[in-house]
Amino acid sequence: MSKTLDLTPASTATDPAKPRGPQMKVASYTAYGGPETIAFTERPIPTPAADEVLIRVRAAPVTAGDARMRSGKVPRGLGLLMRLAIGLRRPRVAPGWAFSGEVAAVGSGVASFTKGQRVFGLTGFKGGAHREYLVIKATGTVLPLPDTLTFEQGAAFFFGGLTAADFLIDRAKLAAGERLLVAGATGAVGGAVVQIARHLGAHVAATASPANNPLARQLGAVEVTDYRKGLPSGPFDVIVDVMGSLGWAGASAHLAPGGRLALITADLAQMLGAAVLPRPGKRKVLTGTNKDDLPSMRRLLALHQAGGYTPVLGPILPFADLQKAHAIAESFHKPGNLVVVM
Ligand SMILES: NC(=O)c1ccc[n+]([C@@H]2O[C@H](COP(=O)([O-])OP(=O)(O)OC[C@H]3O[C@@H](n4cnc5c(N)ncnc54)[C@H](OP(=O)(O)O)[C@@H]3O)[C@@H](O)[C@H]2O)c1
């Protein structure tokens, strides 16, 4: 079992007869439920294997995905699938999907990273980033953190950004000059969609709550309406429905012939419908989950370096406030990305 996935209960992780080596604080889920089901334990700081690096984590995002995994609350029809994947009675994955930090030690066979180097990356679906130290393969999903990003921005970089790039570029194939509507434009995903779409040359309209209207404009939306009152005037070539609040029923009248509706949040029926139901006017519904591999990470970094994407930072909390962070993340109304700092 990978060291980032060590789920041994803290009480049996160390032999009380042996002297305790250096310890670190590790978060875990004790059950599906509210933020109170997050617990902290002490574990020995791991030693990297020959092909691994040990990272002193400095910041990690607390995302909508983290909140869903902890609570078990996923779009309709997907609950059983999720529990079959990550645990029937409690999440058997460790909390935390992404990180930024410094290399604290390298394995004997690692030449690509050096001690003290700033890095950022993904622990991915298996989790394990909500802790003070983690080990990861040097050839895994970890990259040098550029000087243009702080640790907090590095932690926030991938979640919304990878999703936005995947849906806009790979699935919707957004082209310069096309008209895009982003429904829910200022959270982790929406904030990235607006920026990347502008960078690709699209005309971006958006919806946001009144409090977030200025942020949506600042990110690059040229027309912004309150989603409780209606949509900007279409038709649109692409509609990105971040929370799935429009669906085909709410979006189709605003979608041009050949248009694509990207449901970032979709329930099982919408996913099946996207795959099999024909839509008039050669229109399409797109659903799915984004890839979290090195090529996708490198593409997003290239977009950042070309001036097309920098993650929006929202609340920044100390690691000790992880339960509070989860409560904010599951509101689905946070501006940008929430990170905890270690
Ligand atoms: N398919 C995938 O691979 C994938 C990947 C990542 C995330 N997701 C899903 O995407 C969703 C968003 O994630 P996130 O991290 O961006 O969440 P977030 O940071 O909490 O942002 C949620 C956004 O949705 C807006 N919103 C809330 N209720 C709305 C409504 N009724 N109509 C229109 N907009 C509404 C919010 O606007 P205000 O704050 O202005 O109210 C905010 O901009 C989650 O359901 C998550 O599970 C899917």
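The table below gives the values:
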read-out	value
Antiparallel DSSP beta bridges within the chain, percent to nearest 5	55 percent
Within a Gaussian network of the chain (alpha carbon springs, distance under 10 Å), most fluctuating of 284, 115, 126	115
Computed helical MRE - 222 nm, the chain, DSSP H runs ≥ 4 contributing -39500 (n - 2.57), nearest 500	-7000 deg cm²/dmol
Pairwise FRET efficiency - residue 222 versus residue 253, Cβ, R0 = 25 Å, nearest 0.05	0.70
Choice from 47, 37, 148 showing the highest fluctuation, given a GNM over the chain with Cα pairs closer than 10 Å	148
For a label point 7 Å along the Cα-to-beta-carbon line of residue 341, residues of the stretch 152-166 with backbone N under 20 Å	152-159
Using θ = phi - 60° and Karplus 6.51 cos²θ - 1.76 cosθ + 1.60, couplings along the stretch 320-336 (whole Hz; Gly, Pro as x)	4, 8, 4, 4, 4, 4, 4, 5, 5, 4, 8, 6, 6, 9, 7, x, x
Pairwise FRET efficiency - residue 209 versus residue 173, Cβ, R0 = 25 Å, nearest 0.05	0.25
Relative packing of peptides 327-335, 288-296, 116-124 - highest average C-beta neighbours within 10 Å first	116-124, 327-335, 288-296
Contact order relative to length of the stretch 248-342, as percent, for alpha carbon pairs under 8 angstrom and 6 or more apart	22 percent
Close Lys-Lys pairs in the chain, where close means Cα under 26 Å and separation is 8 or more or interchain	28
Among 205, 261, 235 the positive-end extreme of the charge dipole of the stretch 160-286 (Cβ point charges)	235
Distance in nm between pseudo-label sites at residue 51 and residue 84 (7 Å out along the Cβ direction from Cα)	3.1 nm
Distance between modelled label sites at residue 147 and residue 332, nm, 7 Å Cα→Cβ extension	4.2 nm
Radius 11 Å from Cβ of residue 57, net charge of other residues (Lys, Arg +1; Asp, Glu -1)	+2
Fluctuation leader among 320, 208, 67 - the chain, Gaussian network, Cα springs under 10 angstrom	320
Placed amide H near residue 338: partners under 5 Å, 5+ positions off or other chain	62, 314
Part-to-part distance (alpha-carbon centres) for the stretch 203-230 and the stretch 75-118, which is given in Å	33 Å
Distance between modelled label sites at residue 298 and residue 268, nm, 7 Å Cα→Cβ extension	3.8 nm
About the Cα centre, charge dipole magnitude for the stretch 160-286 (Lys/Arg +1, Asp/Glu -1 at Cβ), debye	240 debye
Long-range amide H partners of residue 96 with built H, under 5 Å	128, 129, 130
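Every read-out reported here was derived from the displayed coordinates using simple, explicitly stated rules and does not represent laboratory data. Note that the structure is predicted; figures quoted are calculated from it, not measured. Counting neighbours? That spans all protein chains shown, and the Cβs are built from the backbone with ideal geometry, glycine included.
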